[in-house]
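For reference, the structure is listed below as structure tokens.
The values are calculated or read from the model by the stated rules, or taken from the named source; none is laboratory data. Given the structure is predicted, the values throughout are model-derived calculations rather than measurements. Reconstructed Cβ throughout: ideal geometry from the backbone, glycine too, with neighbour counts over all protein chains shown. For accessibility, only protein heavy atoms count, side chains too; no ligands or nucleic acids. Shrake-Rupley method; radii C 1.70, N 1.55, O 1.52, S 1.80 Å.
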Amino acid sequence: MRVDGQIRGGGDKGSEPMELAPGLYLVATPIGNLGDLAPRAVATLAGCDRILAEDTRHTGRLLAHLGIDRPLARLDDHTEAQAAVRLAAEIAAGGRLALVSDAGTPLINDPGFLLVRACRAAGVAVCGVPGPSAPLFALTLSGLPADRFTFTGFVPRKGEARRGWLDELTRATHTWLCLESPHRLVATLEAVAAVVDDRRVAVARELTKLHEEVRVARAAELASHYRTHPPKGEICLVIEGGDRAAVPGVDAPLLALARALIAPTPLPPRAAAKLVAAATGAAANDLYRVLVR
Ligand code: SAM
């Protein structure tokens, strides 16, 4: 096994500690099911000098379960900006540091970006062990297009940020991926239904856990379901993008009219009257009479 040329020996021994080269190791951890922890993740955590964690008590429980005894240090949104350059210097001096989130992949709506940037700037190795990430898993389970998507993190709760989020969603032509808390889910689904009720939405809840659920429907249908079945646990939302052929300021009937204009064969008068009527709101019969006069 080879990790970007960083691991010297021991790499093929599954979860035994590995001899690690100096570097920052981003290690993904399970989002619910401990069986999803990769053997190489265990070996990396066991083989590093120190583990940086969002919540040291939470990660401490995982390490105790794995029988790994490595020093832990806190790295959260409040401490990262100050610590990043110092930690990168420690790695440059030969340190082998692992970074984990409470769950899932570090940096994905979790701390780590400033540290990775500082390590890159300092020219030290950044590598790691990929693994679970709740939003990406939700996207893959949803049945919604996964070729282009935007991850927006947590849905903004209120005010201008929420209005801007909804406005952008209305115009989006690709899948949207976001995080939501169970007690705000219904309000968010209602807000989504108010602006884009023609699109499908997936609520992915408690992924990889006992009560895993992925429910796909229109936002209004989901809102009414969860109003009567209040959700619990952790949730990702996946929202279908709008019609990719849509043009801002041009509605569907006008677009159909534009397509008819470039069609190789002329439309019969009845069909042409219908199209213009749909695009303008005029009476189709009046238009038809003028066209055939
Ligand atoms: N870095 C993490 C990852 O890669 O999965 C995401 C961190 S984000 C701060 C945590 C949020 O992800 C939760 O509040 C919830 O919205 C979502 N989440 C985490 N675990 C989940 C699960 N098992 N099922 C559904 N959503 C989950």
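Tabulated results
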{"quantity": "Wholly within the range 50-162, helices (runs of 4 or more DSSP H) carrying at least 1 residues that are more than 13 Å from the ligand (Cβ to nearest atom)", "calculated": "56-66, 80-92, 113-122"}
{"quantity": "Pair list, Cβ under 6 Å, 6 or more apart: the range 173-201 residue in contact (Cβ under 8 Å) with a residue 24 or more places away in the chain, other residue within 16 Å of the ligand (Cβ to nearest atom) and part of a helix (DSSP H, G or I)", "calculated": "Leu177/Pro135; Leu177/Leu139; Glu180/Thr188; Leu185/Tyr226; Val186/Tyr226; Leu189/Leu222; Val201/Leu222"}
{"quantity": "Of all residues making up the range 210-219, the number that are open to solvent by less than 60 Å² (accessible area, probe 1.4 Å) and either within 16 Å of the ligand (Cβ to nearest atom) or closer than 16 Å to Pro182 by Cα (or both)", "calculated": "3"}
{"quantity": "Qualifying residue in the range 97-110 (condition: over 24 Å from the mean Cα position of the chain (by Cα) and surrounded by 22 or more Cβ atoms within 10 Å (Cβ to Cβ))", "calculated": "yes"}
{"quantity": "Of all residues making up the range 66-81, the number that are modelled with pLDDT of 95 or more and open to solvent by 100 Å² or more (accessible area, probe 1.4 Å)", "calculated": "2"}
{"quantity": "Filter result (within 15 Å of the ligand (Cβ to nearest atom) and hydrophobic (A, V, I, L, M, F, W, C)) within the range 163-185", "calculated": "Trp176, Leu177, Cys178, Leu179, Leu185"}
{"quantity": "Number of the condition not met by Leu169 [criteria: (1) of a type outside the set (Phe, Trp, Tyr); (2) open to solvent by less than 20 Å² (accessible area, probe 1.4 Å); (3) out of contact with any strand residue (DSSP E or B) (no Cβ under 9 Å at 6 or more places or on another chain)]", "calculated": "(3)"}
{"quantity": "Verdict on Ala84 being more than 27 Å from Ile235 (Cα to Cα), touching a Leu at 6+ places or on another chain (Cβ under 6 Å) and open to solvent by less than 10 Å² (accessible area, probe 1.4 Å)", "calculated": "yes"}
{"quantity": "Top-ranked residue of the range 220-234 - restricted to ones that are exposed (fewer than 14 other Cβ atoms within 10 Å of the Cβ) and in contact (Cβ under 8 Å) with a residue 24 or more places away in the chain, ranked as nearest to the ligand (Cβ to nearest atom)", "calculated": "Lys232"}
{"quantity": "Subset of the range 186-209 that is over 12 Å from Gly242 (Cα atoms) and open to solvent by 40 Å² or more (accessible area, probe 1.4 Å) - its residue that is nearest to the ligand (Cβ to nearest atom)", "calculated": "Lys209"}
{"quantity": "Residue within the range 139-146 that is at pLDDT below 95, more than 18 Å from Leu24 (Cα to Cα) and surrounded by fewer than 16 Cβ atoms within 10 Å (Cβ to Cβ) present", "calculated": "no"}
{"quantity": "Test: Asp55 is open to solvent by 40 Å² or more (accessible area, probe 1.4 Å) and closer than 22 Å to Phe113 by Cα", "calculated": "yes"}
{"quantity": "Flag if Leu255 is at pLDDT below 85, within 39 Å of the chain's Cα centre (by Cα) and either within 16 Å of the ligand (Cβ to nearest atom) or open to solvent by less than 60 Å² (accessible area, probe 1.4 Å) (or both)", "calculated": "yes"}
{"quantity": "Matching option when the condition is touching a helix residue (DSSP H, G or I) at 6+ places or on another chain (Cβ under 6 Å) and either over 25 Å from Pro156 (Cα atoms) or assigned by TED's automatic domain parsing to the domain that holds Leu185 (or both), among Ala279, Ala217, Ala271", "calculated": "Ala279"}
